[in-house]
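Read the structure below first, then the notes.
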Amino acid sequence: MKRPDDSGVTLVELVLATAITGLLGAVIAAAFFVGVKTTDTANTRIATSRGAQFAAAIFPGDVQSAMTITTSGTPCSGASPNVAQLQWQELNDAGTLPMTTKVAEWTCRTTGGVTELIRRLTVGGIIQSEIVIARDVSTAAVSCDPGCATPTSATMTATAGDLTFVVVGQRRSQ
């Protein structure tokens, strides 16, 4: 029985409180590390799917406009980074002749050890824009049906990270 003037905690209570605090700290730390790992994985998947979405938004429009499509035999390699060139002509900015030549070049480049699929638009031989479509690209290729000399459609197949995506574009009927 305790005397009324005793105050403080016993050694048993102190050891028990320390053990419980340690267990709670371990559980909280484990939950934190699982959350960080899950966030990294989710961010990677989101970035990869964003590449597929960019390609799906841009490539079909390039194919619709293209009069000629030139593809590379060994795309996304150091010796031949070009995937495809799609070329067409449009009226100039004033809407009159002469026609302006536009080229959408889909190519790969390696920056800091990461291979990117990019789309570069040139108008009259001058680069107008360059967009990184996807990062961590291991393969990218374009094929034409029935052939690239007179295509009715073109298909791009690319692998970025662990996602392989296929984008198809149809040429406008002339």
Residues satisfying the stated conditions in the range 136-163, i.e. polar (S, T, N, Q), farther than 17 Å from Gly61 by Cβ and in contact with a strand residue (DSSP E or B) (Cβ under 7 Å, 6 or more places away or on another chain): Ser138, Thr139, Ser143, Thr157, Thr159
Answer from Ala17, Ala26, Ala57 - the residue that is of a type outside the set (Val, Ile, Thr), under 14 Å from the mean Cα position of the chain (by Cα) and in a helix (DSSP H, G or I): Ala57
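How many of the residues making up the range 112-145 are within 15 Å of Thr71 (Cβ to Cβ) and either touching a Gly at 6+ places or on another chain (Cβ under 7 Å) or at pLDDT 90 or above (or both)?
8
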When restricted to Met67, Met99, the only residue in contact with a Phe, Trp or Tyr (Cβ under 8 Å, 6 or more places away or on another chain), free of Cβ contacts under 8 Å to residues at least 24 places away in the same chain and over 17 Å from Gly161 (Cα atoms) is Met67
Asp62 is checked against (1) of a type outside the set (S, T, N, Q); (2) modelled with pLDDT of 90 or more; (3) not in a helix (DSSP H, G or I) and fails just one. What number does that condition carry? (3)
Between Arg119, Arg109, which is open to solvent by 40 Å² or more (accessible area, probe 1.4 Å) and of a type in the set (D, E, K, R)? Arg109
Which of the residues spanning the range 110-119 are part of a strand (DSSP E or B) and out of contact with any strand residue (DSSP E or B) (no Cβ under 6 Å at 6 or more places or on another chain)? Thr110, Thr111
Looking only at the range 125-141, count how many residues are in contact (Cβ under 8 Å) with a residue 40 or more places away in the chain and of a type in the set (A, V, I, L, M, F, W, C). 6
Of the residues in the range 142-174, those that are touching a Cys at 6+ places or on another chain (Cβ under 9 Å) and either surrounded by 18 or more Cβ atoms within 10 Å (Cβ to Cβ) or without any contact (Cβ under 8 Å) to a residue 24 or more places away in the chain (or both) come to Val142, Thr150, Pro151, Thr152, Ala154, Thr155, Ala158
Looking at the range 105-120, I want the residues that are without any contact (Cβ under 8 Å) to a residue 12 or more places away in the chain and have a partner that is of a type in the set (Ser, Thr, Tyr) and surrounded by 20 or more Cβ atoms within 10 Å (Cβ to Cβ) with Cβ atoms under 8 Å, at least 6 apart or on another chain. Which pairs are those? none
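The values are calculated or read from the model by the stated rules, or taken from the named source; none is laboratory data. All figures in this text were calculated on a predicted structure; none of them were measured in a lab. A quick note on method: Cβ atoms are made from the backbone with ideal geometry, for glycine too, and the neighbour counts reach across all protein chains shown. Just the protein is used for accessible areas: all its heavy atoms, side chains included, with ligands, DNA and RNA removed. Shrake-Rupley method; radii C 1.70, N 1.55, O 1.52, S 1.80 Å.
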